[in-house]
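Only one structure is covered here, and it is reproduced in the block below.
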Amino acid sequence: MSQPLRPLLDATSEVVTDGSFNLGTYGHDIPQVNPLDARIAGRFPLPRAFKSLRLKEWEHFALASEDHYISLALFNAKTLALAQVCIYSRRDGAIYFYERKAAPWKMRIPQSLDDSQACYRSSGFFLSIKNQLANGRFELEFDIAPQRTLPAVSGHFIGYEQAPTDQPIVVVLPLKKHKAMYSHKYVCPVEGSLSLNDRQVEFPRRSSYGLIDIHKGYYPWVMKWHWATGGFFDGQDRLVGFNLTDNQVEDQDRYNENCLWIDGKLFLLPPVRFHFDPHDPLQPWTIADRQGMVELTFTPEVIRTVDINALVIRSRYRGPFGAFHGRLRSGDGPELAIEKAFGMCEDFYLRT
């Protein structure tokens, strides 16, 4: 008999109440994302401007069709901001990676997912994420001019998350004393189109999915994690997706963001460990837990790498795209055989 998993808590209206984080796992949106209200130094008050400098924030979306995978991100580490669009074409094995580094004050990540926008615009580079959760959708748009060896690219997509039938995983998890992270994730239906190399690529809703990944956290000076996500449509035309992370969260038996979605319904999963060769991340990865509920092998097809070594920031990123095989069994749901579920993994390190 498996050990009981952490509870799925009733909804809370805010991330922080009276200076303290509302720690736990929720199956609904938190309307007020207010980490700047936290007393991150205990009783010692800190200016909001200082807390803002330590708060890492991003909005990231992964979009998958039968032939393409797109990763969009607006990431603000407060020492550096990044706008990224990465496209992987499974048909020819090509990766198209577009990135702009920006001053942190030129990128704002909103505090709510209702009627808000995260956006970056500069000469020849536009990326916008409109959060319209009150209307059950997210609208994504990008338009990038040609860059050296990269062609022009543009796209427009809509991801659907509709309460109360759709259940995201929304977490507030402890990192260090008085500090925590907030995350809102959901594997959702997606539709839209991509223009690349003078070719229009459609993402039909019946066969495309996306991962919503909204995040704010008071991380240590060194941030690191391993992460995996994937999805597929099963024989009953249900969208199946999963999110698995091994990070710096304390007491992961009580606090983690590992889960499975089946047709919009959320099932929680236990802590996991990643095993792979960091010197050759194109070799197969394994992801497993101690209870036999997660047994996955990830076979990379290609890999995206990002390395930054500057005065105030050092980053090492390995992000392979590929396919998952194995099985998942949630505590209160069915056991699923995973065959050729397409997705990605991350090996992430950032010192800032």
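Summed over region 253-277, residues that are under 11 Å from ASN243 (Cα atoms) and among the charged types (D, E, K, R) total 1.
Quick one: is PRO270 buried (at least 19 other Cβ atoms within 10 Å of the Cβ) and farther than 29 Å from SER112 by Cβ? Spell out the reasoning first.
Details: buried (at least 19 other Cβ atoms within 10 Å of the Cβ): yes; farther than 29 Å from SER112 by Cβ: yes.
The answer is yes for PRO270.
Regarding PRO284, is this residue surrounded by fewer than 23 Cβ atoms within 10 Å (Cβ to Cβ) and touching a residue at least 24 places away in the same chain (Cβ under 8 Å)?
Details: surrounded by fewer than 23 Cβ atoms within 10 Å (Cβ to Cβ): yes; touching a residue at least 24 places away in the same chain (Cβ under 8 Å): no.
No; evaluated as a whole, the condition is false for this residue.
Among (1) within 17 Å of the chain's Cα centre (by Cα); (2) acidic (Asp, Glu); (3) surrounded by fewer than 15 Cβ atoms within 10 Å (Cβ to Cβ), where does GLU257 come up short? Evaluating GLU257 over (1) within 17 Å of the chain's Cα centre (by Cα); (2) acidic (Asp, Glu); (3) surrounded by fewer than 15 Cβ atoms within 10 Å (Cβ to Cβ) leaves (3) as the failure. Tallying residues that are polar (S, T, N, Q) and within 18 Å of CYS259 (Cβ to Cβ) within region 308-352 yields 1. Would you check which residues across region 232-251 are part of a strand (DSSP E or B) and within 17 Å of VAL272 (Cβ to Cβ) and list them? Hits for region 232-251 are GLY241, PHE242, ASN243, LEU244, THR245, ASP246. Within region 322-336, if we keep just the residues that are out of contact with any Ser or Thr (no Cβ under 6 Å at 6 or more places or on another chain) and at pLDDT 95 or above, the residue that is nearest to ASP92 (Cα to Cα) turns out to be PHE324.
The residue of region 266-313 that is farthest from ARG351 (Cα to Cα), among those that are touching a strand residue (DSSP E or B) at 6+ places or on another chain (Cβ under 7 Å) and of a type in the set (Asp, Glu), is GLU295. Taking first residues from region 337-352 that are farther than 13 Å from THR297 by Cβ and partners that are crowded, with 17+ Cβ neighbours inside 10 Å and basic (Lys, Arg), the Cβ contacts under 6 Å between residues at least 6 apart in sequence or on separate chains come to ASP347/ARG318.
The single condition among (1) among the hydroxyl-bearing types (Ser, Thr, Tyr); (2) farther than 23 Å from GLY210 by Cβ; (3) touching a His at 6+ places or on another chain (Cβ under 9 Å) that THR305 does not satisfy is (3). Determine whether region 34-44 contains at least one residue that is surrounded by fewer than 17 Cβ atoms within 10 Å (Cβ to Cβ), on the phi < 0 side of the Ramachandran plot and β-branched (Val, Ile, Thr). Scanning region 34-44 turns up no residue that is surrounded by fewer than 17 Cβ atoms within 10 Å (Cβ to Cβ), on the phi < 0 side of the Ramachandran plot and β-branched (Val, Ile, Thr).
Filter region 67-101 down to residues that are of a type outside the set (Lys, Arg), surrounded by fewer than 17 Cβ atoms within 10 Å (Cβ to Cβ) and out of contact with any Lys or Arg (no Cβ under 8 Å at 6 or more places or on another chain) and give me whichever is nearest to ILE313 (Cα to Cα). Filtering region 67-101 for residues that are of a type outside the set (Lys, Arg), surrounded by fewer than 17 Cβ atoms within 10 Å (Cβ to Cβ) and out of contact with any Lys or Arg (no Cβ under 8 Å at 6 or more places or on another chain), the one nearest to ILE313 (Cα to Cα) comes out as THR79. Might you check whether a residue that is assigned to a strand (DSSP E or B), at pLDDT 95 or above, among the aliphatic types (A, V, I, L, M) and on the phi < 0 side of the Ramachandran plot occurs anywhere in region 306-321? No - not one qualifying residue is present in region 306-321.
Counting only strands (runs of 3 or more DSSP E) wholly contained in region 1-108, the ones carrying 1 or more residues that are within 21 Å of ALA145 (Cα to Cα) and β-branched (Val, Ile, Thr) occupy 68-76, 81-89, 94-102.
Of the residues that make up region 204-212, is at least one in contact with a Pro (Cβ under 9 Å, 6 or more places away or on another chain), in contact (Cβ under 8 Å) with a residue 12 or more places away in the chain, within 15 Å of PHE61 (Cα to Cα) and among the aliphatic types (A, V, I, L, M)?
The initial filter retains those residues of region 204-212 that are in contact with a Pro (Cβ under 9 Å, 6 or more places away or on another chain), namely 205-206, 208-210, 212.
From the residues that got through so far, the ones that are in contact (Cβ under 8 Å) with a residue 12 or more places away in the chain too are 205-206, 208-210, 212.
Filter once more, so that each one left must be within 15 Å of PHE61 (Cα to Cα): 208-210, 212.
If we keep only those that are among the aliphatic types (A, V, I, L, M) too, we end up with 212.
Yes, region 204-212 has at least one match.
Restricting LEU175, LEU140, LEU196, LEU113 to those that are among the aliphatic types (A, V, I, L, M), closer than 25 Å to ASP67 by Cα and within 18 Å of the chain's Cα centre (by Cα) reduces the list to LEU140. Across region 234-248, the qualifying residues are those that are surrounded by fewer than 17 Cβ atoms within 10 Å (Cβ to Cβ) and not small (Gly, Ala, Ser), and the one among them that is farthest from the chain's Cα centre (by Cα) is GLN236.
The values are calculated or read from the model by the stated rules, or taken from the named source; none is laboratory data. Just so you know, these numbers come straight off a predicted model, no measurement behind them. So basically every Cβ, Gly included, is an ideal-geometry build from the backbone, and we count neighbours across all protein chains shown.
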